[in-house]
Amino acid sequence: MATKTGEGFSSSFGAIMAAAGSAVGLGNIWRFPYICGRYGGGAFLMVYICFVFFIGMILMMSEFVIGRRTGEDPVKAYPKLKPERPAWRFVGLIGLITCFLILSIYLVISGWTLNYFYESAVGTLASIQDSDFGVHFNEFASSVWRPVLFIAVFLALTALVVIGGVEKGVERVSKLLMPILVVLIFLLCIRSVTLKGASAGLTYLFHPDFSKLTGEGILAALGQALFSLSVGMGVMIVYGSYLPKDENILKTSIWITVCDFLIAVLAGVAIFPAVFACGQDPTGGPGLVYQVLPVVFNSMGTIGRVFSIIFFLLLTLAALTSAISLLEALTQWLSGEKLKRTMSAIIMSLIVFVLAAAASFSFGDGIWSGFKISGLQIFDFLDKATGTILPPVCALLTIIFFGWVMNKEDIVDELSNHGTIKVGYFKVFYYFLARFVAPVALLVVLVAGIING
Ligand code: TRP
């Protein structure tokens with residue numbers, strides 16, 4: 001990594017962009033709108049904001065501290081900070097399992113996105129009537145081979161990059177592409193809110209109706225906050241270990257959290273007005289983005305077609321950068337002295353491909369839709385496990401470790417960069433948020449959500 005020059009791309013900028021790149025992904029653009037729509041719109045958003053800033057951001061800081069303090073991956077970081085209790089490394093292991101499951105569901109959605117890119121490019125989407133996009137999506141996603149083919153292509157690309165180790169290039173490309181994606185979403189927002197009947201969508205998103213909020217919805221908001229920030233699975237411990245020693249952890253965490261949050265809300269503003277303008281159902285589920293955005297693109301004429309191609313391409317690339325970091329983490333863990341990197345990447349890819357294909361077969365009316373795990377189809381089960389259950393469990397353990405097991409002096413030292421920056425917020429952060437508010441809230445929401453769900 002380059003040394004800090006004070007201008008242009010400094011090392012700290014690179015580290016922040018890498019962590020932000022992990023945070024911003026399909027979670028913001030595909031998952032947030034559909035979960036927000038399913039669990040009540042405005043009221044969900046209010047709860048989501050609280051979780052993002054009072055739990056998600058606190059966790060990000062904690063994971064950064066743990067990572068930078070030890071310079072290790074999650075499995076080694078916990079025991080390094082507390083050698084007399086090596087069992088803590090299981091928290092790192094749960095995180096890895098979460099990453100593995102996330103990758104499988106990520107591949108399915110990335111495959112959909114790649115297909116939509118293809119269909120924009122060849123003109124299929126432009127020839128579909130507005131009212132038929134729902135049917136089109138369901139037919140595609142429930143079909144047998146087409147989604148799997150796109151999953152395979154996407155996974156092959158991901159694995160090639162991981163094996164080739166051209167990470168530097170990817171990082172550079174994604175730094176350039178992510179801002180373009182944000183500009184594009186911004187333009188979509190403008191188009192969406194100027195559609196006829198759009199205001200109902202803004203009301204749905206921003207006007208909280210707390211009667212719509214359920215215990216399950218609150219747990220989903222917590223899960224979404226953690227999923228979207230990539231916390232509660234140890235990934236930010238890895239990025240923390242890359243953070244330069246003079247980087248202000250508080251500032252970095254605030255930046256990433258705010259960016260991630262705003263992009264999710266922007267995606268909401270792009271989607272909900274269009275949902276209402278075309279009389280669709282906001283609770284439509286995982287296909288929401290793919291059923292609604294094509295309608296917006298088609299309403300823009302020829303330029304819409306260009307937009308559609310660029311949008312789905314950029315979304316595919318955003319998904320690719322996240323998928324790469326997930327596969328990279330898993331590959332690194334699997335490879336050791338005996339197993340070469342290339343072999344590990346291939347083995348991991350094959351295992352995760354089988355799971356992704358199973359999730360795809362089970363989606364909607366797919367051939368395996370009848371097969372259920374605790375009442376849910378494989379796809380829904382994986383989505384719920386990785387977006388609602390596992391990150392909160394892992395987050396709870398992480399924050400307990402941070403607030404109650406880890407040495408307080410280490411934390412102060414790390415947050416203050418060895419006493420060089422002021423940490424006036426420390427008392428509130430440590431004694432109030434990290435030790436009490438976050439763990440208690442996590443525990444209550446988790447228990448209540450599981451009992452009610
Ligand atoms: N935060 C990512 C998103 O919103 C998803 C994600 C969760 C992720 N954990 C991760 C991405 C680990 C990369 C690495 O899309």
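Could you list, in sequence order, the residues of region 248-285 that are acidic (D, E) and buried (at least 22 other Cβ atoms within 10 Å of the Cβ)? Reasoning before the result, please.
Initially, region 248-285 is screened for residues acidic (D, E), giving 260, 281.
If the condition is that a residue be acidic (D, E) and buried (at least 22 other Cβ atoms within 10 Å of the Cβ), then D260 is the only one that fits.
For region 37-53, check the following and say yes or no: at least one residue is touching a residue at least 40 places away in the same chain (Cβ under 8 Å), among the basic types (K, R) and surrounded by fewer than 24 Cβ atoms within 10 Å (Cβ to Cβ).
Checked against the condition, which is being touching a residue at least 40 places away in the same chain (Cβ under 8 Å), among the basic types (K, R) and surrounded by fewer than 24 Cβ atoms within 10 Å (Cβ to Cβ), region 37-53 yields at least one hit.
Out of the helices (runs of 4 or more DSSP H) lying entirely within region 18-113, which hold 1 or more residues that are within 16 Å of the ligand (Cβ to nearest atom) and aliphatic (A, V, I, L, M)? Before you say what the answer is, go through the steps one by one.
Values: elements: 32-38, 42-51, 57-70, 74-81.
Answer list for region 18-113: 32-38, 57-70, 74-81.
Across region 117-130, what is the total count of residues that are without any contact (Cβ under 8 Å) to a residue 40 or more places away in the chain, surrounded by fewer than 15 Cβ atoms within 10 Å (Cβ to Cβ) and part of a helix (DSSP H, G or I)?
Matching residues across region 117-130 total 2.
Residues that are crowded, with 24+ Cβ neighbours inside 10 Å, within 16 Å of the ligand (Cβ to nearest atom), under 15 Å from the mean Cα position of the chain (by Cα) and closer than 30 Å to V412 by Cβ: does region 204-224 have at least one?
yes
So is F186 among the aromatic types (F, W, Y) and either in contact with a His (Cβ under 7 Å, 6 or more places away or on another chain) or surrounded by fewer than 18 Cβ atoms within 10 Å (Cβ to Cβ) (or both) or not? Break it down into steps so the answer makes sense when it comes.
Values: among the aromatic types (F, W, Y): yes; either in contact with a His (Cβ under 7 Å, 6 or more places away or on another chain) or surrounded by fewer than 18 Cβ atoms within 10 Å (Cβ to Cβ) (or both): yes.
Considered against the rule, which asks whether it is among the aromatic types (F, W, Y) and either in contact with a His (Cβ under 7 Å, 6 or more places away or on another chain) or surrounded by fewer than 18 Cβ atoms within 10 Å (Cβ to Cβ) (or both), F186 comes out as yes.
Got at least one residue in region 271-280 being within 16 Å of the ligand (Cβ to nearest atom) and either without any contact (Cβ under 8 Å) to a residue 40 or more places away in the chain or part of a helix (DSSP H, G or I) (or both)?
So in region 271-280, the residues within 16 Å of the ligand (Cβ to nearest atom) come out as 271.
Now drop any that are not either without any contact (Cβ under 8 Å) to a residue 40 or more places away in the chain or part of a helix (DSSP H, G or I) (or both), which leaves 271.
Among the residues of region 271-280, at least one is within 16 Å of the ligand (Cβ to nearest atom) and either without any contact (Cβ under 8 Å) to a residue 40 or more places away in the chain or part of a helix (DSSP H, G or I) (or both), which makes the answer yes.
Among the residues that make up region 383-399, is at least one of them of a type in the set (K, R) and modelled with pLDDT of 90 or more? So that I can check it myself, show each step before the final result.
Initially, region 383-399 is screened for residues of a type in the set (K, R), giving 384.
Checking the rest, the ones that are also modelled with pLDDT of 90 or more come to none.
Within region 383-399 (the criterion being of a type in the set (K, R) and modelled with pLDDT of 90 or more), the answer is no, since none of the residues qualifies.
Give just the number: which of (1) of a type outside the set (D, E); (2) without any contact (Cβ under 8 Å) to a residue 12 or more places away in the chain; (3) surrounded by fewer than 16 Cβ atoms within 10 Å (Cβ to Cβ) does S335 not satisfy?
(3)
Which one of these does V161 not meet: (1) surrounded by 15 or more Cβ atoms within 10 Å (Cβ to Cβ); (2) closer than 19 Å to F312 by Cβ; (3) of a type outside the set (D, E)?
Of the numbered conditions (1) surrounded by 15 or more Cβ atoms within 10 Å (Cβ to Cβ); (2) closer than 19 Å to F312 by Cβ; (3) of a type outside the set (D, E), the odd one out for V161 is (2).
Within region 359-383, track down each residue that is buried (at least 18 other Cβ atoms within 10 Å of the Cβ) and in contact (Cβ under 8 Å) with a residue 24 or more places away in the chain.
Within region 359-383, A359, S360, F361, F363, G364, G366, F379, L382, D383 qualify.
Inspect region 241-260 for any residue being in a helix (DSSP H, G or I), within 11 Å of the ligand (Cβ to nearest atom) and either among the hydroxyl-bearing types (S, T, Y) or closer than 30 Å to D410 by Cβ (or both) and give the result as yes or no. Spell out the reasoning first.
The initial filter retains those residues of region 241-260 that are in a helix (DSSP H, G or I), namely 241-242, 249-260.
Keeping just the survivors that are within 11 Å of the ligand (Cβ to nearest atom) gives 256, 260.
Within this subset, residues satisfying the condition of being either among the hydroxyl-bearing types (S, T, Y) or closer than 30 Å to D410 by Cβ (or both) are 256, 260.
Yes, the conditions are met somewhere in region 241-260.
For residues in region 299-315 being assigned to a helix (DSSP H, G or I) and out of contact with any helix residue (DSSP H, G or I) (no Cβ under 6 Å at 6 or more places or on another chain), which is surrounded by the most Cβ atoms within 10 Å (Cβ to Cβ)? It would help to see each step written out before you state the result.
Of all residues in region 299-315, those assigned to a helix (DSSP H, G or I) come to 301-315.
From what's left, out of contact with any helix residue (DSSP H, G or I) (no Cβ under 6 Å at 6 or more places or on another chain): 301-303, 306, 310.
Details: G301: 10, T302: 8, I303: 11, V306: 13, I310: 15.
Checked region 299-315; the qualifying residue surrounded by the most Cβ atoms within 10 Å (Cβ to Cβ) is I310.
Check whether at least one residue in region 365-373 is under 17 Å from I97 (Cβ atoms) and out of contact with any His (no Cβ under 6 Å at 6 or more places or on another chain), and report yes or no.
The first filter runs over region 365-373 and keeps only residues under 17 Å from I97 (Cβ atoms), leaving 373.
Among the residues that remain, those that are also out of contact with any His (no Cβ under 6 Å at 6 or more places or on another chain) are: 373.
Yes; the residues of region 365-373 include at least one that is under 17 Å from I97 (Cβ atoms) and out of contact with any His (no Cβ under 6 Å at 6 or more places or on another chain).
Considering region 318-356 alone, what residues qualify as being more than 13 Å from the ligand (Cβ to nearest atom) and either assigned to a loop (DSSP other than H, G, I, E, B) or closer than 18 Å to A19 by Cα (or both)?
Within region 318-356, S335, G336, E337, K338, L339, K340 qualify.
Being of a type outside the set (A, V, I, L, M) and not in a helix (DSSP H, G or I) is the filter; apply it to region 416-432 and report the residue that is nearest to I400 (Cα to Cα). Lay out the reasoning, then the answer.
Taking region 416-432 and keeping what is of a type outside the set (A, V, I, L, M), we get 416-420, 422, 424-427, 429-432.
From what's left, not in a helix (DSSP H, G or I): 416-420, 422, 424-425.
Numbers: S416: 21, N417: 23, H418: 23, G419: 25, T420: 27, K422: 25, G424: 22, Y425: 20 Å.
Only one residue tops the list, namely Y425.
The values are calculated or read from the model by the stated rules, or taken from the named source; none is laboratory data. Note that the coordinates shown come from a computational prediction; the quantities given were computed from them, not determined experimentally. Cβ sites come from the backbone with ideal geometry, for glycine too, and all protein chains shown count toward neighbours.
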